[in-house]
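Here's the structure we're looking at; comments come further down.
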Amino acid sequence: MSEELSAVASRIIANVERVIVGKRTEIELALMAVISRGHILIEDVPGTGKTMLARALALSVGCTFKRIQFTPDLLPSDVTGVTVYNQKNGEFEFRRGPVHAQMVLADEINRATPKTQSALLEAMEERQVTVDGTSYALPAPFLVMATQNPIEYEGTFPLPEAQLDRFMMRIRLGYPARADEIAILTAQKEQHPIESISEVISADGLRDLQASVARTHVDRLITEYVVDIATATRDHQEVYLGASPRGSSALLRASQARAVIQGREFVSPDDVKALAESTLAHRLIVSPGARMRNVEPRTIIRQALDTVPVPGARAVRV
């Protein structure tokens, strides 16, 4: 069974690689979030393929896809939907916003005001939106992939800690290698590869895959290891705000997904170590003094991994 799930994941990754060339690690991270029901924040400079990654994933797993371009004048109702009066039947009716899709791309999310950004909070956590006192369930599976450009500070509104904490992972694509960029330009001469990408599994198949990930075995020692890493970030002297319990849950669920992609039915400490930075670093807030010394959250994560004992490892006497 584990081999079958790993084979499906490999086909999805290969399909997305037709569009996003030379970024297999980042594609794997994004797929781990998708199959473990997590939201993704893709942060990088413009033109590196953030939007294409979201579209390629949605097409590969047969999900409905909607894109929301976040701008300073975007209103919360433009995201969730609005109740309008229908003069024909004399009743109020709800017109759904673009968030009512299985995979939603929130493009340049930090361009919108905090009020509009907060319209996604309920959707991301509870898989529903509430408009005029009425709650509307969102389709399953539901996933938000948000992008932001770190170099454009003018006219942007940094995401609050509460919203950052709702993203399972933060992924950076980076510039392609020279050979990969040549391959990208060659492939796009006649038409963009996204136009010919095909569906690998259906949305129902994705739900089954998500259920299988949730059943992946996690030993109690692994759970304790995850908690100890999160605790180490909270107790670190350079940290003002450490990883939350939601962050611990994200790390554990992502580790289950990594085990499935690698064809295993159990989570290993290596899964946790490989995903700690992607799932926890964006949740940390370093102290003002540490920020002045350019201390980065990912450095703190690495220090936590170095200090927390690995389950099953034996102490070596020097």
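The values are calculated or read from the model by the stated rules, or taken from the named source; none is laboratory data. Computed from a predicted structure; not experimentally measured. Methodologically, a virtual Cβ is constructed for each residue, glycine included, from the backbone with ideal geometry; neighbour enumeration extends over all protein chains shown.
Structure notes:
- Pairs where the first residue, in segment 194-212, is within 30 Å of I184 (Cα to Cα) and not assigned by TED's automatic domain parsing to the domain that holds R264 and the second is of a type in the set (S, T, N, Q) and part of a loop (DSSP other than H, G, I, E, B), C-beta under 8 Å, 6+ apart: A203/T64; A203/Q102
- Boolean, V99 is surrounded by 15 or more Cβ atoms within 10 Å (Cβ to Cβ), touching a Phe, Trp or Tyr at 6+ places or on another chain (Cβ under 7 Å) and at pLDDT 85 or above: no
- Here A9, A54, A58, A33 are screened, and the one residue that is surrounded by 19 or more Cβ atoms within 10 Å (Cβ to Cβ), in contact with a His (Cβ under 9 Å, 6 or more places away or on another chain) and not assigned by TED's automatic domain parsing to the domain that holds A274 is A33.
- Looking only at residues of segment 275-304 that are touching a helix residue (DSSP H, G or I) at 6+ places or on another chain (Cβ under 7 Å) and surrounded by fewer than 18 Cβ atoms within 10 Å (Cβ to Cβ), we find that the one that is farthest from Y225 (Cα to Cα) is I285.
- Some residue of segment 111-125 being touching a residue at least 60 places away in the same chain (Cβ under 8 Å), farther than 24 Å from S248 by Cβ, polar (S, T, N, Q) and surrounded by 21 or more Cβ atoms within 10 Å (Cβ to Cβ): no
- Of the residues making up segment 166-214, those that are at pLDDT below 90, aliphatic (A, V, I, L, M) and assigned to a helix (DSSP H, G or I) number 5.
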